[in-house]
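None of the figures in this text is laboratory data; all of them are computed from the coordinates on show. Fair warning: this is a prediction, and the values are worked out from it, not measured in the lab. A quick note on method: Cβ atoms are made from the backbone with ideal geometry, for glycine too, and the neighbour counts reach across all protein chains shown.
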Amino acid sequence: MGRSEKLFLLWLVCCFCSLSSACTEECGSYLGAQRLEDGSTVVCEACEDYRKAKVVRVSPDGSELWSYRYPEADMRFPHSATWNPDDTLIIADTGRGRIIVVDSYSKQIIWNSREVTFSDPEVHFYYTNYARFLPNGNILTSLRNGHIVLEVQLDGQITWSFGEPNIPAKDDTHLNGPHWPQRLANGNTLIPDSWNHRVIEVNAAGEIVWNYEPTEEPYLLNWPRCSQELENGNILITDPHDHFEVTREGQVVKHFSRPYNTTDWGYAGYGLENGNYLLCGYHRIDELTPEGEIVWTYAPSWGPPPAPILIE
């Protein structure tokens, strides 16, 4: 399958999952996961139906330990959820156009971006697809349909941004449908610039200092959604049907692939402290060793699609 065919398939599924609540048979697409120190895993299950959208925390055997769902929750297609050290969660509630912080004990919302006036009136929370607290207490977020990545204070002051609000383009100052930014230890920000088919690293001054945009198969990026810097300094990039571990020199040193005859897109990928990979797809989440052995899976009860496999 060539790149044009892959992009067409990608467009079809994008339209389908944007207009329908049937991204899976149970209306729950796994758009993110977080492995906690106790071995449990936080899973964000997106659904357009607010009665079925949820965030769950599961034990190593898959048993549900905690959940945030209807009726205590009123989310529509939550895209990311992170359990914070103070036992709150920060959730990008995409369909509601907001970021919320939820107390895990009371399950009450203690901060809501829709109740805040932001310092730039041109910034609107269209398709908020990621949110995470930074060590300084600010929030790093990406607005896919706003084509911008922001660092914001809880009082609404925007302290850093990359991209021009609501203007999609491909150059040294614009983004097109960004996802899942990561603030690096050096202060730079790693951004999957999805519809521009690239991953970029941007410094505090707004300069692109690193770019991964391969030009040859099989490593072309069709719609990179997640990129994470690993302990070894490499970058783990998640594309719809591939997870690539890439050196700073642009060499692919690890490649996991998902079958193209399914809609089980890769949606996120993380390096774990034990050296394994946590690879998140629409319909299943797997922990794999560097050798490609699956040692843990979280999947829907109706039966998961084929697992990702190690190509190289």
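Sparsely packed loop sites in the stretch 214-312 (the chymotrypsin sites (Phe, Trp or Tyr not before Pro) outside DSSP H, G, I, E and B with at most 12 other Cβ atoms within 10 Å) comprise W302. The phi torsions of the stretch 87-99, fed into the Karplus equation with coefficients 6.51, -1.76 and 1.60 and a -60° offset, translate into couplings of 6, 9, 10, 10, 10, 8, 9, 4, x, 8, x, 7, 10 Hz, rounded to whole numbers, with Gly and Pro shown as x.
If the Kirkwood radius is taken over C-alpha pairs of the chain, then at 20 °C and 1.002 mPa s the Stokes-Einstein diffusion coefficient equals 110 µm²/s.
One Cα centroid belongs to the stretch 167-184, the other to the stretch 61-101; the line between them spans 25 Å.
Ellipsoid fit via the Cα gyration tensor, the stretch 141-255: semi-axes of 23, 16, 12 Å, each the root of five times an eigenvalue, largest first. Over the stretch 214-312, Cα pairs under 8 Å with separation of 6+ residues give a relative contact order of 20 percent.
Evaluate the relative contact order of the chain (contact order divided by residue number), counting alpha-carbon pairs under 8 angstrom at least 6 apart; express in whole percent. Intermediate results must be reported in sequence, preceding the final value.
Working: 797 pairs, mean separation 30.1, N = 312.
Here the relative contact order equals 10 percent.
Rounded to the nearest 500, the 222 nm mean residue ellipticity of the chain from helices alone is -2000 deg cm²/dmol, with -39,500 (n - 2.57) taken per DSSP H run of at least 4 residues. Looking at the stretch 214-312, the pairs of alpha carbons with a distance over 24 Å make up 14% of the total. The GluC sites (Glu not before Pro) of the stretch 257-308 meeting both criteria, a DSSP state outside H, G, I, E and B (loop) and at most 13 other C-beta atoms within 10 angstrom of the site's C-beta, are E273, E291, E293. Converting phi to 3J(HN,Hα) with the Karplus coefficients 6.51, -1.76 and 1.60 and the offset θ = phi - 60°, the stretch 295-309 yields 10, 7, 9, 10, 8, x, 5, 6, x, x, x, x, 6, x, 10 Hz in sequence order, with x at every glycine or proline. Between the C-alpha center of the stretch 227-248 and that of the stretch 264-310 there is a gap of 14 Å.
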